[in-house]
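Trainee: Take this structure first; my questions come after.
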Amino acid sequence: MEHKTISNVSLTNSNDYLHPLFQNKTLEWVRPLVPRVVRSIARSVEALIELGATTVYVPGLFPLGCVPRLLFLFRAGGAGDHDPATGCLRGLNEGLAVPHNRLLVDRLAQLRAAHPSVTIAYADYYAEVLALVAAPARSGFDASAALAACCGGGGPYNGNFTVHCTEPGAVQCPDPSTHLSWDGLHMTEAVYRIMARGVLDGPNRRRREIVGSSRVDSPSCRLLVASEFGGSERRRRSALVAIAMDEKEFRRTLELFPVVRSRDYCVIHPPFPLSRTLLSHLQ
């Protein structure tokens, strides 16, 4: 059987922005880096394709204006005003992260056109994280600490640079699962879990981009439904259901679910558990 390679370009190149900002470079100094950073990501994607990758997931830049350490760094100004809905810095979000993601999406579209047989997916981390910041309680997080690090050096946003998370004197929250940010730069495990689900089968994945090219190499395919049986968490189990599908049915399925298409099969990941009755009907 032919091996299918799925690669995740997890390097968002955020450090290319964070490092100069932490070295007291201004936002105006950092903004011109965006085209160069996006070109670097695109070259990484092309290198993976040359190595044989057939599915590549590329994450967008998360909202930098919501990062506790950056909120602490720019507490006296220099990165625009605070968004009244989230408390995040608009300059870092709308003036840096958004242009980065917009240019990245455009560049990925060019790569898809150049490599029609490769699925290149864009993971919208910006929208995912910003939604958590805007309504943290909806996902079980502490609304009063949405912009504060769980573990840090104290001060506003618990983002003081003088004491790091692992050092004596660090201020630590009692329950990291209630916080969005772990150390002022990285998210907590609870947030990363949500982000991972958002990429795999959540509402923030980009369906058309995950599908990639809609070219079909044969008039039919076998559809594999990757899902779970309904019921309690302990009783759920994975299921792969093979379904014969012609071209018309395949197009219709694209309207209902994100589909990853290979030469010999299709795979869908419904955003909800399928019941035994529905699985039986599909078969």
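Where a number appears in this text, it was derived from the coordinates with a stated rule and is not lab data. These numbers were taken from a predicted model, which means no experiment stands behind them. Backbone-built Cβ (ideal geometry, glycine too); neighbour counts: all protein chains shown.
Trainee: Given a Förster distance of 22 angstrom, what is the FRET efficiency for residue 94 paired with residue 196, based on the Cβ-Cβ distance and rounded to 0.05? Provide the component values of the computation, followed by the final result.
Mentor: Working: r = 26 Å, r/R0 = 1.19.
Calculated transfer efficiency: 0.25.
Trainee: Spin-label point model (7 Å from Cα, Cβ direction): what's the residue 105 to residue 143 distance in nm?
Mentor: 2.9 nm
Trainee: Limiting things to C-alpha atoms, what are the Rg and the maximum Cα-Cα separation (Dmax) for segment 59-100, in angstroms?
Mentor: Calculated on Cα positions, Rg and Dmax stand at 9.4, 31 Å.
Trainee: Order the peptides 34-44, 163-173, 183-193 from the highest to the lowest mean number of other Cβ atoms within 10 Å of their residues. Walk me through the numbers before you get to the answer.
Mentor: Numbers: 34-44: 16.2, 163-173: 13.1, 183-193: 18.1.
Packing order, densest peptide first, comes out as 183-193, 34-44, 163-173.
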